[in-house]
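Worksheet: one structure, shown below.
Derivation of every value follows stated rules applied to the coordinates shown; laboratory data play no part. Since we're looking at a predicted model, the values are computed, not measured. Every residue, glycine as well, gets a Cβ built from its backbone with ideal geometry; the counts of neighbours run over all protein chains shown.
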């Protein structure tokens, strides 16, 4: 069995547990993000395309730039899966990661696209 040694860089799931309460509605919404791009036309189109199939409400609210980044891959299942993997699994140090609710939404998005046929 291959075990990573202490101090070796490795892959980690980007998540943080502190905002977990916010996903259950007992904490106020985060303040508007400064310097973050708003949801653009392509991001809105992706949200409409996925309406009724899955919900990315928390991701669009708190991380609209992530939706914008995913939008070009709306009709490319394998590229969407790869892009979501890149967002969720990170080996860069000192990253806070996404709140649990956003990780759950992105994981659901990945699973949805992983089930689609690849062209």
Original post:
Volume per residue, Å³, of the convex hull around the alpha-carbon atoms of the stretch 39-115?
Top reply: 85
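Test of understanding: ordering 73, 63 by Cβ neighbours within 10 Å, fewest first, what list do you get?
Values: 73 17, 63 21.
Starting with the residue having the fewest Cβ neighbours, the order is 73, 63.
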